[in-house]
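Trainee: Take this structure, written in structure tokens, and hold onto it; I'll ask about it next.
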Amino acid sequence: MAFFEVSNIRKDFGSTQVLKGVSFEVEKGQVVAIIGSSGSGKTTLLRCINFLVTPDVGTVKVGDKVLIDIPEIDPDQALSDKDRAKIAKIKSSNLTKEEIGDKVNKVISKACKKAKKQWEKANKLSEEEIRNRRLHMGMVFQSFNLFPHYNVLDNVTLAAKLRAKETGGATEQEIETKALELLAKVGLSDKVKNYPCELSGGQQQRVAIARALALNPDVLCFDEPTSALDPELTGEVLKVIKGLKNTDSTMIVVTHEMEFARKVADKVIYMSDGVIEEQGTPEEIFGNPKSEKTKAFLQKAEEVI
Amino acid sequence: MSFSEVTLSMLEGTKYTLGLFFITLLIAIPFGMVIAAFELSKSKIVSSITKGFVWIIRGTPLMLQLIVVMYVPGLVFGMPMRERFLAAIIAFGINYAAYFAEIYRGGIQSIPQGQYEAGYVLGFKRKQIVSRIVIPQVFKRIMPPMSNEVITLVKDTSLANIIGIVEIIMTAKTIVSTKGIIWPLFYTGVFYLVMSGVLTILFNYIEKKLDYYKI
């Protein structure tokens, strides 16, 4: 069993299927790069495993802890006797085949929605439980999302301090010492007292990385961490992420930086249209892609350069 | 009537102006928060009713609202409003609460979703996100429009003379009509300028204090 397992994640937004059953595994300490064109569902996938979006179906496990487990609704079980009677009545009516099909589907999807609501009601997690579960995961956003009214050190320590106030554990001193270590690691020891508005984008993103690391997540996710940065600032952020690779952090990086995926990742996942089209080592994906779609995507990515 | 006599009686009127000003703030600042919360409510019914209420309050003249609060209880319910000052406070309190509510709502909605998300992924409680992340930023954002609105309130208090509150303008008008001199009416401007000047300095100070970060 792998350290981090995602299976069969599905998510619809209205009538668009954004994720159509995504499964992958990550070993402890591995870096996984997720590549793919915009709209392929990469970001939604990260948001699902970070509890920012609730998937319709899917399971996420880290270690032996189940974080998300949303079963599929079986239409057979969702249908009540009344629904069945309704379907029988529709079928015996003298409508065209298509009309019958439409109407039957409507009844089924309505029953499924109802069953889903019931399941959600019965399995609703407390705020406390959701918080505990999501702390297994860490997230670094494309737009950094630092708290502008706190200085760099407070940005990194705030969550841990609030947590410690509730549950005991580390003292403020310990939390600060650790935060300073992390800030040194991302190369920002001299900016501890600065406010985010005084930092460059690259520096802000490095603070965001330190902030996420401060809570010791089992898996750290990056959502296009360099997409909002100038090319010259991209390097400093990627270097930090690369540096983390040797510290046993398990990371999932959604990225458009092909060079980064090729050189740093242990595993590359190519997503297209809400499914994983192909996954493998960087050598396999970049050197010898099997899927036509992957080939086309990589070719396009090369062309840009 | 000498200059000092006029000044003294106008200072008497200033008491009512300032009283109305401070009590209105005391009511409108918290009441506006309640209205803003209702406006942002997830319940469509609650938010539409509140929005309708805000529309009525902002869509009609404050002077009319003063008259309604003053005379409608007596005309319609047979319970005449006995305290003119109370009527003024009710009308001003509700009116300004509606304006403040719109400012609060704008401030809250201007905080990017990413701030909430960052809080969530760091394991904050919803309450902590609101109190530690959202409200401090909203506070900074609403300062300029609030200062505008508060300075407007100082001048709006003069509307209370329509229901017979003896504030600065009313005092001056009385002097004008009883003593046959016109200048006290113009002199009122000095009183308003001093009050709004103090408020301007105060708000500039607060805004400067909050200038250590940018949103």
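Trainee: Using a simple charge model, +1 on the beta-carbon of Lys and Arg, -1 on the beta-carbon of Asp and Glu, nothing else, what dipole does the stretch B:31-125 show about its Cα centre, in debye to the nearest 20?
Mentor: 120
Trainee: Still on this model: Ordered by residue, what ³J(HN,Hα) values in Hz, to whole numbers, does the stretch B:19-28 give under the Karplus form 6.51 cos²θ - 1.76 cosθ + 1.60, where θ = phi - 60° and Gly and Pro are x?
Mentor: Those phi angles translate into x, 4, 4, 5, 5, 4, 4, 4, 7, 6 Hz.
Trainee: Now a separate question. Compute the Rg to Rh ratio over the protein assembly as shown from the alpha carbon atoms, using the Kirkwood formula for Rh, and round to two decimal places.
Mentor: Here the Rg-to-Rh quotient is 1.12.
Trainee: Something else now. Which of the pairs A:245/A:267; A:239/A:290; A:117/B:127; A:165/B:127; A:11/A:116; A:42/A:267 have their Cα atoms more than 19 Å apart in this structure?
Mentor: Over 19 Å apart, Cα to Cα: A:239/A:290; A:117/B:127.
Trainee: Quick one: which residues, 5 or more positions from residue A:34 or on another chain, have an amide H under 5 Å from its amide H? H modelled 1.01 Å from N in the peptide plane, none for Pro or chain starts.
Mentor: A:253, A:254, A:255, A:269
Trainee: Continuing with this model, one more query. Along the charge dipole of the protein assembly as shown, pointing to its positive end and built from +1/-1 on Cβ of Lys, Arg, Asp and Glu, which listed residue (A:164, B:2, A:200) has its Cα farthest out?
Mentor: B:2
Trainee: Sticking with this structure for a sec: Give me, ordered by chain and number, the residues 5 or more places off residue A:275 or on other chains with an amide H under 5 Å from its own placed amide H.
Mentor: Result for residue A:275 returns A:20.
Trainee: What percent of all Cα-Cα pairs in the stretch A:24-144 falls into each 5 Å bin, going from 0 up to the bin containing the maximum distance?
Mentor: The distribution over the stretch A:24-144 is 2, 8, 14, 16, 13, 12, 10, 9, 7, 5, 3, 1, 0, given as percents.
Trainee: In chain A, what percentage of the DSSP-assigned beta bridges are antiparallel, given to the nearest 5?
Mentor: Percent antiparallel among DSSP bridges in chain A is about 60.
Trainee: Here's another thing I want to ask about it. Filter the GluC sites (Glu not before Pro) in the stretch A:69-152 down to the DSSP loop ones having no more than 16 other Cβ atoms within 10 Å, then list what survives.
Mentor: Those satisfying the criteria are A:72.
Trainee: Among B:29, B:164, B:190, which residue has its Cα furthest toward the positive end of the charge dipole of chain B, with +1 on Lys/Arg Cβ and -1 on Asp/Glu Cβ?
Mentor: Of B:29, B:164, B:190, it is B:29.
Trainee: A further question follows. Normalise the Cα radius of gyration of the stretch A:67-117 by 2.2 N^0.38 Å (N = residues in it) and let me know the number.
Mentor: 1.32
Trainee: How big is the antiparallel share of DSSP beta bridges in the protein assembly as shown, given as a percent to the nearest 5?
Mentor: Around 60 percent antiparallel, to the nearest 5.
Trainee: Distance from the Cα centre of the stretch A:141-157 to that of the stretch B:16-47, in angstrom?
Mentor: Going from one Cα centre to the other spans 32 Å.
Trainee: Further, regarding this structure: Under the √(5λ) rule applied to the eigenvalues of the Cα gyration tensor, what semi-axes describe the equivalent ellipsoid of chain B? Give them in Å, descending.
Mentor: After scaling each eigenvalue by five and taking roots: 39, 24, 11 Å.
Trainee: Treating only the Cβ atoms of Lys and Arg (+1) and Asp and Glu (-1) as charged, compute the dipole magnitude of the stretch A:212-259 about its Cα centre; round to the nearest 20 debye.
Mentor: In debye, rounded to 20, the stretch A:212-259 gives about 200.
Trainee: Ok, one more. Please report, as a whole percent, how much of the solvent-accessible surface of the protein assembly as shown comes from carbon and sulfur atoms (probe radius 1.4 Å).
Mentor: It is 58 percent, rounded to a whole number.
Trainee: Give the value in nm², to one decimal: projected area of the alpha carbon convex hull of the stretch A:122-226, averaged over all directions.
Mentor: Taking a quarter of the hull surface, the average projection is 7.4 nm².
Trainee: Please sort A:28-35, A:205-212 by packing, taking for each peptide the average over its residues of neighbouring beta carbons within 10 angstrom, highest first.
Mentor: Result, highest mean Cβ count within 10 Å first: A:205-212, A:28-35.
Trainee: Looking at the P(r) of the stretch B:8-101, how many percent of alpha-carbon pairs lie beyond 22 Å?
Mentor: 38
Trainee: Would you grab the residues whose amide H sits under 5 Å from the one on residue A:67? Only those 5+ places off in sequence or on another chain, please, with H modelled 1.01 Å from N.
Mentor: A:60, A:61, A:62
Trainee: P(r) for the stretch A:43-88, please, calculated from all Cα pair distances in 5 Å bins and given in %.
Mentor: Reading the bins upward from 0: 5, 18, 20, 14, 10, 11, 9, 9, 4, 0.
Trainee: Separate question: What length, rounded to one decimal in nm, is gained on full extension from residue A:283 through to residue A:23, with 0.36 nm per residue of separation minus their alpha-carbon distance?
Mentor: Between residue A:283 and residue A:23, full extension yields an extra 91.5 nm.
Trainee: Below 23 Å, Cα to Cα, which lysines can residue B:214 reach? Residues fewer than 8 away in the same chain don't count.
Mentor: A:191, A:193, B:140
Trainee: Right, another one. Provide the three semi-axes, in whole Å and in decreasing order, of the ellipsoid equivalent to the stretch A:152-305 as defined by the square roots of 5 times the Cα gyration tensor eigenvalues.
Mentor: Taking √(5λ) for each Cα gyration eigenvalue gives 34, 18, 12 Å.
Trainee: I've got another one for you. Taking +1 at the Cβ of each Lys and Arg and -1 at the Cβ of each Asp and Glu, which of A:139, A:270, B:100 sits farthest along the dipole of the protein assembly as shown towards its positive end, judged by Cα position relative to the Cα centre?
Mentor: In the protein assembly as shown, that residue is B:100.
Trainee: Near residue A:293, which aspartates and glutamates are there with a Cα under 20 Å away, not counting those fewer than 8 places off in the same chain?
Mentor: Cα-Cα hits under 20 Å: A:257, A:259, A:273, A:277, A:278, A:283, A:284, A:302, A:303.
Trainee: Next question. For chain A, which semi-axes, largest first and in whole Å, follow from the square roots of 5 times the eigenvalues of its Cα gyration tensor?
Mentor: Semi-axes, largest first: 41, 26, 16 Å.
Trainee: Given charges of +1 on the Cβ of Lys and Arg and -1 on the Cβ of Asp and Glu, with all other atoms neutral, how large is the dipole of the protein assembly as shown about its Cα centre, in debye to the nearest 20?
Mentor: Using only the charged Cβ atoms, the result is roughly 1560 debye.
Trainee: I'd like the antiparallel share, as a percent to the nearest 5, of DSSP beta bridges with both residues in the stretch A:205-302.
Mentor: Around 50 percent antiparallel, to the nearest 5.
Trainee: Just the number, please: Stokes-Einstein D of the stretch B:109-215 in µm²/s, Kirkwood Rh from C-alpha pairs, 10 °C, 1.306 mPa s.
Mentor: My calculation gives 92 µm²/s for D.
Trainee: Which whole number of Å³ per residue matches the convex hull of the alpha-carbon atoms in the stretch A:252-305?
Mentor: 79
Trainee: Using a 10 Å cut-off around each Cβ of peptide A:255-266, what is the average number of partner chain Cβ atoms that fall inside?
Mentor: Going residue by residue through A:255-266 and averaging, the value is 0.
Trainee: Same structure, new question: Could you sort out which of A:110/B:125; A:28/B:125; A:161/B:209 sit more than 27 Å apart by Cα distance in this structure?
Mentor: Distance filter (> 27 Å) returns A:110/B:125; A:28/B:125.
Trainee: Over the Cα atoms, compute the radius of gyration (one decimal) and Dmax (the largest Cα-Cα distance, rounded to a whole number) for the stretch B:1-55, in Å.
Mentor: Calculated on Cα positions, Rg and Dmax stand at 19.5, 61 Å.
Trainee: Which of the trypsin sites (Lys or Arg not before Pro) found in the stretch A:101-198 are in a DSSP loop and have at most 14 neighbouring Cβ atoms, other than their own, within 10 Å?
Mentor: A:124, A:193
Trainee: List, in order, the whole-Hz ³J(HN,Hα) value for each residue of the stretch A:152-161 obtained from phi through the Karplus relation with A = 6.51, B = -1.76, C = 1.60 and θ = phi - 60°; use x for Gly and Pro.
Mentor: 4, 4, 5, 4, 7, 8, 3, 4, 5, 5
Trainee: Quick one: what are the phi-derived ³J(HN,Hα) couplings along the stretch A:19-31, Karplus 6.51/-1.76/1.60 with θ = phi - 60°, whole Hz, x for glycine and proline?
Mentor: 10, 10, x, 10, 9, 7, 10, 10, 7, 4, x, 7, 10
The values are calculated or read from the model by the stated rules, or taken from the named source; none is laboratory data. Only a predicted model underlies this, so the values are computations on that prediction, with no experimental measurement involved. Cβ coordinates were reconstructed from backbone atoms using ideal geometry, including for glycine residues, and neighbour counts include every protein chain displayed. To get the accessible areas, we keep the full protein, side chains included, count just its heavy atoms, and leave off ligands, DNA and RNA. Shrake-Rupley method; radii C 1.70, N 1.55, O 1.52, S 1.80 Å.
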